[in-house]
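Colleague: Structure below; questions to follow.
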Amino acid sequence: MTDKAPLRARLRAARDAAAGGRQPIVDEAFVLRLRPGMVVAAYLPTPGEADPAAFIDAARTMGCTLALPFVVDRPTPLRFLHWQGQLVAGPFGLRQPPAAAPELVPEIILTPLVGFDRRGNRLGQGAGHYDRAFAQHPSAWRVGIALGVQEVPALTPDPWDVPLHAIATESEWILP
Ligand SMILES: Nc1nc2c(c(=O)[nH]1)N(C=O)[C@@H](CNc1ccc(C(=O)N[C@@H](CCC(=O)O)C(=O)O)cc1)CN2
Ligand SMILES: Nc1ncnc2c1ncn2[C@@H]1O[C@H](COP(=O)(O)OP(=O)(O)OP(=O)(O)O)[C@@H](O)[C@H]1O
């Protein structure tokens, strides 16, 4: 588990070097899933992270309900709260809905990646936030969002890892 740290550092550096370029694109397969009222959990990228803006726009256009992750602290599972406009400062420079915003059950989870492989294995921030969210919402469609430079040949999944259903980069839509 600790050997993931150097890989994370390398992939964050590669990601940051590629930031400011083309961003992940929406595939028709994504749009075809969307329904009015469907709950789509997005995220607001921190500097360097791949930007899910195109996915957020597509979900809004389709009349989906948007949610954002709400972080309390490392041991507490993420909550997905209704994104209605007003946001407040959270940990790590994140902007998130106020704690009192309604909690929603996500049907699609747009997931920021630190790294990925073509089999749908994922490397995240290491706090286990998305691992636990996936365990809590097993029927949600898990879409990873990343830049192509964040791909690695193979990640060895841990027992708790739940693979992604799809990965979007600036150049392709990967269906493992
Ligand atoms: N945009 C965004 N929102 C998100 C996440 C994310 O990765 N990206 N999360 C995903 O879980 C959750 C928040 N968890 C996070 C965990 C760590 C870091 C972070 O900034 N890590 C530092 C290293 C921290 C350290 O170990 O000192 C870094 O990336 O440099 C950010 C968010 C929910 N919201
Ligand atoms: N379902 C779960 N319930 C409780 N703890 C979990 C669960 N899944 C993972 N964890 C814990 O969370 C940590 C996840 O570490 P890991 O390095 O796999 O994170 P990651 O998948 O890269 O990142 P993240 O999930 O934060 O995006 C581990 O310590 C693991 O024990």
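Colleague: What tally of residues in segment 50-72 results from selecting those that are of a type in the set (A, V, I, L, M, F, W, C), part of a loop (DSSP other than H, G, I, E, B) and over 18 Å from Gln23 (Cβ atoms)?
Modeller: 4
Colleague: Moving on to the next point. Select from segment 79-94 the residues that are closer than 15 Å to Ala41 by Cβ and part of a strand (DSSP E or B) and write down the one among them that is nearest to the chain's Cα centre (by Cα).
Modeller: For segment 79-94, the residue satisfying everything is Phe80.
Colleague: While we're here: Out of curiosity, is Pro75 open to solvent by 50 Å² or more (accessible area, probe 1.4 Å), within 13 Å of ligand 1 (Cβ to nearest atom), in a loop (DSSP other than H, G, I, E, B) and not hydrophobic (A, V, I, L, M, F, W, C)?
Modeller: Yes.
Colleague: Return the total of residues in segment 46-72 being open to solvent by less than 50 Å² (accessible area, probe 1.4 Å) and within 11 Å of ligand 1 (Cβ to nearest atom). Lay out the reasoning, then the answer.
Modeller: Initial filter on segment 46-72 (open to solvent by less than 50 Å² (accessible area, probe 1.4 Å)): 46, 48-50, 52-56, 58-59, 63-71.
Imposing the further condition that a residue be within 11 Å of ligand 1 (Cβ to nearest atom) reduces the set to 46, 48-50, 52, 68-71.
Qualifying residue count, segment 46-72: 9.
Colleague: Return the only residue of Gln86, Gln125 being over 21 Å from Val31 (Cβ atoms) and away from ligand 1 (no atom under 15 Å from the Cβ).
Modeller: Numbers: Gln125 fails: away from ligand 1 (no atom under 15 Å from the Cβ).
When all the criteria are applied, what remains is Gln86.
Colleague: Within segment 96-115, which residues are assigned to a strand (DSSP E or B) and within 15 Å of the chain's Cα centre (by Cα)? If you could, list the steps in order and put the result at the bottom.
Modeller: So in segment 96-115, the residues assigned to a strand (DSSP E or B) come out as 96, 103, 108-112, 115.
Gln96, Ile108, Ile109, Leu110, Thr111, Pro112, Gly115, listed by residue number.
Colleague: Name every residue in segment 1-33 that is of a type outside the set (Gly, Ala, Ser) and without any contact (Cβ under 8 Å) to a residue 40 or more places away in the chain, in order of residue number.
Modeller: Listed by number, the residues that qualify are Thr2, Asp3, Pro6, Arg10, Asp16, Glu28, Val31, Leu32.
Colleague: Out of the residues in segment 117-140 meeting the condition of being open to solvent by 20 Å² or more (accessible area, probe 1.4 Å) and within 12 Å of the chain's Cα centre (by Cα), tell me which one is farthest from ligand 2 (Cβ to nearest atom).
Modeller: Per the stated criteria, the residue is Arg122.
Colleague: Looking only at segment 141-159, filter to residues that are of a type in the set (Val, Ile, Thr) and out of contact with any His (no Cβ under 7 Å at 6 or more places or on another chain); which one of those is farthest from ligand 2 (Cβ to nearest atom)?
Modeller: Taking segment 141-159 first, the residues of a type in the set (Val, Ile, Thr) are 143, 145, 149, 152, 156.
Still in the running and out of contact with any His (no Cβ under 7 Å at 6 or more places or on another chain): 145, 149, 152, 156.
On the way: Ile145: 12, Val149: 17, Val152: 12, Thr156: 11 Å.
Among them, the one singled out is Val149.
Colleague: Any chance you could count how many residues in segment 145-159 are open to solvent by less than 10 Å² (accessible area, probe 1.4 Å) and either free of Cβ contacts under 8 Å to residues at least 12 places away in the same chain or in contact with a Pro (Cβ under 8 Å, 6 or more places away or on another chain) (or both)?
Modeller: 3
Colleague: Can you report the number of residues in segment 1-20 which are closer than 19 Å to Glu172 by Cα and open to solvent by less than 40 Å² (accessible area, probe 1.4 Å)?
Modeller: Matching residues across segment 1-20 total 4.
Colleague: Condition (residue is open to solvent by less than 20 Å² (accessible area, probe 1.4 Å), at pLDDT 95 or above and not β-branched (Val, Ile, Thr)) applied to segment 85-94: is it met by at least one residue?
Modeller: no
Colleague: Exactly one condition in (1) in contact (Cβ under 8 Å) with a residue 40 or more places away in the chain; (2) open to solvent by less than 40 Å² (accessible area, probe 1.4 Å); (3) out of contact with any Leu (no Cβ under 9 Å at 6 or more places or on another chain); (4) more than 21 Å from Gln136 (Cα to Cα) is not met by Met38; state its number.
Modeller: Against the list (1) in contact (Cβ under 8 Å) with a residue 40 or more places away in the chain; (2) open to solvent by less than 40 Å² (accessible area, probe 1.4 Å); (3) out of contact with any Leu (no Cβ under 9 Å at 6 or more places or on another chain); (4) more than 21 Å from Gln136 (Cα to Cα), Met38 comes up short only on (4).
The values are calculated or read from the model by the stated rules, or taken from the named source; none is laboratory data. This is a predicted model, so every value here is computed, not measured. Every residue, glycine among them, receives a Cβ derived from its backbone with ideal geometry; neighbour counts consider all protein chains shown. Side chains included, ligands, DNA and RNA excluded: accessible areas come from the protein's heavy atoms. Shrake-Rupley method; radii C 1.70, N 1.55, O 1.52, S 1.80 Å.
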